[in-house]
Amino acid sequence: MISSSQDIRAVIIGTGGYLPEEALDNDAVAARYQLDTSDAWIVERTGIRRRHIAAAGQMASDMAAEAARAALAQAGVDVSEVDAIIVATATPDSAFPSTAARVQAKLGVTQGFAFDISAACTGFVYALSVADAMLRARQARCALVIGAEVFSRIVDWTDRGTCVLFGDGAGAVVVRATEGGERGVLSTHLHADGNHADILLVDEVAGVVRMTGREVFRHAVSKLASVVDEALAANGLQKSDVKWLVPHQANRRIIEAMGKKLGLPAEQVVMTVDRHANTSAASIPLALAEATRDGRIQQGDLVLMEAIGGGLTWGAALARF
Ligand code: COA
């Protein structure tokens, strides 16, 4: 007999990813956009070697639907069971309808609700947090939580300091309300500080990404370290309890710093930034899809996710798979 919402956990039962067909390595990007940069500079500062770029006309909802189909297939869940679709994106198809509503139609889902979340690169952690709360409040039973981005449409391709950092793609998870058991989201921890909005934003006039890289780097290292401590403390867990760190993929140096802070060997830190670059809200679910499908993340493993992005926003989530 279930007596309270405390007894429900949001369990991640499937993951899926989608990357556009076209992949450009650093030399190809430099040549196409006539950038004064080099593969050596980009690799040394960021760890990025290549990124995928959406085709003309390919929208966030197209990629989101592909990732969602893969996640549903892995979970063995039919579209008739999906009663919530939450899409985290900074590059929605349009202001409205939401990208999530577009995904709903593309998947052939006719029940439940759908909406988008805007928290830039922290979007997936925010979306997972909202889904977790809604499932535990019995507002839905089976949610698709998706991050989908086409940053190639909003970067300034003449600004070598930002355009080389981003890529396109989508990742999705299926989250099911489950009564009892050890599996599921243990806790989520969200933060924002709009006083730092200007260090990473889409310029209102030009409509392109502007970033003060050094400042963002400085905030990333300190804020991610503190939110990770917060997540572990909230659950009475030690660093050594974490089996996998699945961080937002912005920069190899930031990821390695977090792995080191947690005392995790490199093998327990999931890294995709070398091949995907920064896909913003899509980066964590893409990394989850890769590491569950290649057999690294196993059922029962404790996974720590963390992200920081424009807003500033930042957050962490702990989940037992
Ligand atoms: N190729 C070659 N040179 C470049 C370059 C590129 N792609 N981008 C910038 N430079 C140059 C700059 O023009 C500058 O030249 P100058 O000294 O002649 O003015 C020099 O490199 C140093 O620039 P700076 O921005 O101070 O470099 P950095 O060491 O801070 O590295 C980042 C830049 C962006 C890689 C780094 O700041 C970073 O990773 N920040 C965090 C970004 C991030 O994670 N954002 C997403 C968060 S969700």
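Coordinate-derived values only; no laboratory data. Every value quoted in this text rests on a predicted model; they were computed, and no experiment measured them. Reconstructed Cβ throughout: ideal geometry from the backbone, glycine too, with neighbour counts over all protein chains shown.
Annotation note: GluC sites (Glu not before Pro) in the range 196-263 located in DSSP loop regions with a Cβ neighbour count of at most 10 within 10 Å are Glu204. Divide the volume of the convex hull around the Cα atoms of the range 31-131 by the residue count and you get 144 Å³ per residue. A straight line joining the Cα centroids of the range 186-214 and the range 100-144 runs 22 Å.
Note the direction-averaged projected area, equal to a quarter of the hull surface, for the Cα convex hull of the range 221-277, in nm².
On the way: hull surface 14.7 nm².
The number I arrive at for the range 221-277 is 3.7 nm².
Expressed as a fraction of 2.2 N^0.38 Å, the rule-of-thumb size for a compact globular protein of N residues, what is the C-alpha radius of gyration of the chain? Present the calculation step by step, with values, prior to reporting the outcome.
Details: Rg = 18.4 Å, N = 321, 2.2 N^0.38 = 19.7 Å.
My calculation over the Cα atoms of the chain gives 0.93.
Multiplying the residue separation of Ser187 and Gln268 by 0.36 nm and subtracting their alpha-carbon distance yields 27.1 nm.
Normalising by the residue count of the chain, find the relative contact order in percent from Cα pairs under 8 Å and 6+ residues apart. The partial results should precede the final answer.
Values: 802 pairs, mean separation 82.7, N = 321.
The value is 26 percent.
DSSP assigns beta bridges within the chain; of those with both partners inside it, close to 70 percent run antiparallel. Spread over its residues, the convex hull of the C-alpha atoms of the range 71-125 is 86 Å³ per residue. Rounded to the nearest 10 degrees, the angle from helix 213-234 to the longest Cα principal axis of the chain is 20 degrees. Note on the chain: Lys pairs 8 or more places apart or on different chains, Cα atoms under 16 Å apart, count 6.
Legend: P(r) of the range 182-280 from all alpha carbon pair distances, 5 Å bins from 0, whole percents, reading 2, 10, 19, 22, 20, 13, 8, 3, 2, 0.
Report the full-extension gain for the segment Arg214 to Val202: residue separation times 0.36 nm, less the Cα-Cα distance, to one decimal in nm. Provide the component values of the computation, followed by the final result.
Values: separation 12, 0.36 × 12 = 4.32 nm, distance 1.73 nm.
Result for the pair: 2.6 nm of gain on full extension.
If R0 is 35 Å, the Cβ-Cβ spacing of Glu256 and Trp157 corresponds to a FRET efficiency of close to 0.80. Principal axis extents of the Cα atoms in the range 86-241, from largest to smallest and rounded to whole angstrom, are 52, 43, 24.
Beta bridges assigned by DSSP with both partners in the range 84-233 are antiparallel in approximately 55 percent of cases.
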